Amino acid sequence: MPTSESLLLDPDFVRDPHAGLERLREEEPVYYDPHLGWWFVTRYDDVKRMLADPGLSKSRSVFDDYVAPEPGSFAGRFDSASVLHKNPENHRVWRKRVAAGFTPRAVRRMERQVREVVEQFAAPIREATGRVDLLAAFADPIPNTVIARIAGIPPFPGDESRFRALAQDVLRRYVFFADEENLRRGDAALEELAEWILKLTGDRRQERSEDLVSDLIHEETEHPPLSDDEIMVFVASLISAGSETTTLGACHMFRHLFDHPDQFALVRKDPSLIPNAVREALRYDFGSLAAVTPRYATEDFEIHGKTIRRGDSIMLSPASANRDSSVFEDPHRFDVTRDAREALTFGNGPHYCLGANLAMQELSFMLEAALTFLSADAVLKSSEDDWEQVGIMRRPLRMIVDLRR
Ligand code: HEM
C-alpha cells in the first residue's frame with residue numbers, strides 16, 4: 001500500500017476500490033491514510049462492532065480543542081441543535097423524540113407521498129422516446145422532492161424546485177473536502193433553507209397539517225417536543241443524510257442491473273424480487289467510498305496491532321464490510337435472490353439510519369416504475385466521462401439511457 005500518497009483519494013482506487021478493499025481486509029484491516037490523517041477500517045466484524053461502540057464519538061465536539069461556532073450565530077444555533085453533538089443518553093432521547101414523526105400513520109402517509117413523487121417523475125419518461133438522462137430526470141430530483149413533500153414544504157409552483165436547488169448546494173457543502181466556493185454557496189443555501197423551515201414550523205405550531213413538521217410539534221411523546229431550532233436542524237439534516245445517499249443508491253442500482261442483464265431479467269420476470277434486488281444493489285456497491293461513516297476515538301485503544309489515540313479520526317467502511325467473504329458467500333457476485341439483510345449499508349446500533357425504510361421504499365418504487373419505461377432493449381450508454389470524483393466520492397454526472405423506442 002502507498003505510504004506517502006493518499007490511497008483513498010487515488011482516482012484508480014475511487015473508480016474501482018473493491019480489489020484494493022479486499023487487500024486491505026486481508027493485509028491491513030486497520031489502515032492509516034497519512035495524507036488524510038484517517039484510520040480506515042474495512043472488516044465486517046470490526047465495522048459492525050465499531051459502528052455501535054459508545055466509546056467512539058460521531059462528533060469532534062467531545063474534545064477539549066474543539067472550537068465551537070460563535071454562540072448566537074446561525075452556525076452556533078445549528079451546531080448546538082445538531083444530532084451530531086449529542087452524547088449517547090441525549091441521542092437516545094432524541095431518537096425517541098423524532099420517532100413522533102414516524103408513527104405507523106405517518107409512515108402510511110409517507111408511502112403514499114413517495115409513490116406520488118415517483119410517479120410525477122416517471123410519467124414524462126414513459127412518454128419519451130430516444131435518450132433520457134436517468135440521473136437528471138429521475139434519480140436526482142426524487143429524493144429531495146420526497147423530503148420536501150414529507151416535511152410539508154407546500155408544493156406551490158416553483159417551491160419544490162427551489163427547495164431542490166438549495167438542497168443541492170447544502171449537499172455540496174457537506175461532501176468531504178468541499179472547496180471554498182462550495183462551502184460559501186452551501187452556507188448561504190443552508191441559511192435560506194433554515195429560514196424557510198422555521199417559517200413553516202411557526203405556521204404548523206398555529207395549525208396542524210398532515211406532514212412531518214406538524215407531527216414533530218403535535219404528536220404526544222413521553223419527552224418534551226423538539227424546539228424550533230431542533231426541528232429546523234432535523235429537516236435540514238434529512239437533506240444531507242437522505243438525498244444524495246438515495247440518489248447514489250438509485251444510480252448504482254440501475255447501473256448494476258444494466259451491467260447484469262440476467263439479474264435484470266429475473267426482476268422483470270418476477271417483480272416481487274424488487275425489495276430484495278434493492279437491498280442487494282445497496283450491498284454490492286452504492287457509491288463505494290462515499291459510504292464511509294466517521295467516528296472519533298474518545299480514548300486510546302489497540303486494534304489489529306495498531307494504536308489508535310484519543311482524538312484520532314476513524315472511517316468505518318460499510319462498503320468494504322458488505323464485500324467481506326466471512327459474511328457474504330461469493331461477495332463480488334451481484335445476485336438479486338441473495339439474502340443481503342446482514343449488509344451494513346444503513347449502519348448498525350444506536351445511529352442506525354433513521355430513513356432506512358423510507359430509502360428502501362423510494363428505491364423499490366423507483367425500480368417498479370422504471371420497469372414500466374425501461375424495455376428489455378433499453379441500453380445504458382455509460383462512459384468514464386459520465387462520472388466525477390468529489391473527494392473520496394464518485395458521482396455520476398449523467399446516466400444516459402437509450403430507450404430504444
Ligand atoms: C440509500 C440511502 C441511504 C443510505 C445508504 C443511508 C446510510 C446511513 C448510514 C450508514 C447511517 C449511519 C451513520 C453512522 O452510524 O454514523 C445513516 C444515518 C442516518 N440516516 Fe441514512 N441513509 C440513507 C437514506 C436516508 C434517508 C432517506 C433518510 C431520511 C430522509 C436518512 C436519514 C438518516 C438520519 C437522520 C441518520 C442519523 C441517525 C442517527 O445518528 O441517529 N437516511 N444513514
*Hey, can you tell me all the residues within segment 125-151 that are within 16 Å of the ligand (Cβ to nearest atom) and either among the small types (Gly, Ala, Ser) or in a loop (DSSP other than H, G, I, E, B) (or both)?*
139, 140, 148, 151
*Give the residue, chosen from 193, 216, 226, that is farther than 30 Å from residue 132 by Cα, within 16 Å of the ligand (Cβ to nearest atom) and assigned to a loop (DSSP other than H, G, I, E, B).*
226
_Conditions (1) free of Cβ contacts under 8 Å to residues at least 40 places away in the same chain; (2) charged (D, E, K, R); (3) crowded, with 20+ Cβ neighbours inside 10 Å: number failed by residue 386_ = (3)
*With the condition kept exactly as written, say whether any residue in segment 88-101 is part of a loop (DSSP other than H, G, I, E, B), modelled with pLDDT of 70 or more and either away from the ligand (no atom under 12 Å from the Cβ) or at positive phi (or both).*
no
*Within segment 313-340, can you find the residues that are within 16 Å of the ligand (Cβ to nearest atom) and either under 26 Å from residue 298 (Cα atoms) or exposed (fewer than 13 other Cβ atoms within 10 Å of the Cβ) (or both)?*
313, 314, 315, 316, 317, 318, 319, 320, 321
*asked:* Is it the case, given these coordinates, that residue 343 is free of Cβ contacts under 8 Å to residues at least 12 places away in the same chain, within 11 Å of the ligand (Cβ to nearest atom) and either crowded, with 17+ Cβ neighbours inside 10 Å or not aromatic (Phe, Trp, Tyr) (or both)?
replied: no
*Could you grab me the full set of residues in segment 206-263 that are within 19 Å of the chain's Cα centre (by Cα), farther than 16 Å from residue 167 by Cβ and among the hydrophobic types (A, V, I, L, M, F, W, C)?*
251, 253, 254
_Given (1) surrounded by 16 or more Cβ atoms within 10 Å (Cβ to Cβ); (2) at pLDDT below 90; (3) within 11 Å of the ligand (Cβ to nearest atom), number of the condition residue 81 does not satisfy_ = (3)
*Residues being assigned to a loop (DSSP other than H, G, I, E, B), within 14 Å of the ligand (Cβ to nearest atom) and of a type outside the set (Gly, Ala, Ser): count how many of those fall in segment 21-71.*
3
*If we scan segment 274-286, do we find a residue that is within 30 Å of residue 61 (Cβ to Cβ), in contact with a Lys or Arg (Cβ under 7 Å, 6 or more places away or on another chain) and within 13 Å of the ligand (Cβ to nearest atom)?*
no
*Across segment 278-313, what is the number of residues that are touching a Leu at 6+ places or on another chain (Cβ under 7 Å) and among the small types (Gly, Ala, Ser)?*
3
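Within segment 296-308, can one find any residue that is away from the ligand (no atom under 16 Å from the Cβ) and surrounded by 18 or more Cβ atoms within 10 Å (Cβ to Cβ)? Steps first, answer last, please.
The first filter runs over segment 296-308 and keeps only residues away from the ligand (no atom under 16 Å from the Cβ), leaving 299-308.
Remaining after also requiring surrounded by 18 or more Cβ atoms within 10 Å (Cβ to Cβ): 308.
Yes, segment 296-308 contains a residue that is away from the ligand (no atom under 16 Å from the Cβ) and surrounded by 18 or more Cβ atoms within 10 Å (Cβ to Cβ).
Looking for whichever is of a type in the set (Gly, Ala, Ser) and either surrounded by 15 or more Cβ atoms within 10 Å (Cβ to Cβ) or within 16 Å of the ligand (Cβ to nearest atom) (or both) here; the options are 202, 249. Which one fits? Step through it out loud before you land on a result.
On the way: 202 fails: either surrounded by 15 or more Cβ atoms within 10 Å (Cβ to Cβ) or within 16 Å of the ligand (Cβ to nearest atom) (or both).
Criteria check complete, one pass: 249.
Counting only residues that are over 30 Å from residue 276 (Cα atoms), give me the strands (runs of 3 or more DSSP E) lying completely in segment 299-354 with at least 3 of them. First the steps, then the outcome.
Working: elements: 301-303, 306-308, 313-316.
Those strands (runs of 3 or more DSSP E) span 301-303, 306-308.
Those residues that are without any contact (Cβ under 8 Å) to a residue 40 or more places away in the chain and out of contact with any Ser or Thr (no Cβ under 6 Å at 6 or more places or on another chain), I need them from segment 192-219; list them, please.
If the condition is that a residue be without any contact (Cβ under 8 Å) to a residue 40 or more places away in the chain and out of contact with any Ser or Thr (no Cβ under 6 Å at 6 or more places or on another chain), then 192, 195, 198, 199, 201, 202, 203, 205, 206, 207, 217, 218 are the ones that fit.
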*Please state which of the following conditions residue 405 fails to meet, knowing it meets all the rest: (1) within 13 Å of the ligand (Cβ to nearest atom); (2) modelled with pLDDT under 95; (3) under 29 Å from residue 268 (Cα atoms); (4) not acidic (Asp, Glu).*
(1)
_Counted residues, segment 341-371 - those being of a type in the set (Gly, Ala, Ser) and under 12 Å from the mean Cα position of the chain (by Cα)_ = 4
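The values are calculated or read from the model by the stated rules, or taken from the named source; none is laboratory data. Note that the structure is a prediction, hence the values are computed from the model and not measured. FYI the Cβ positions are ideal-geometry reconstructions off the backbone, even for glycines, and counts take in every protein chain you see.
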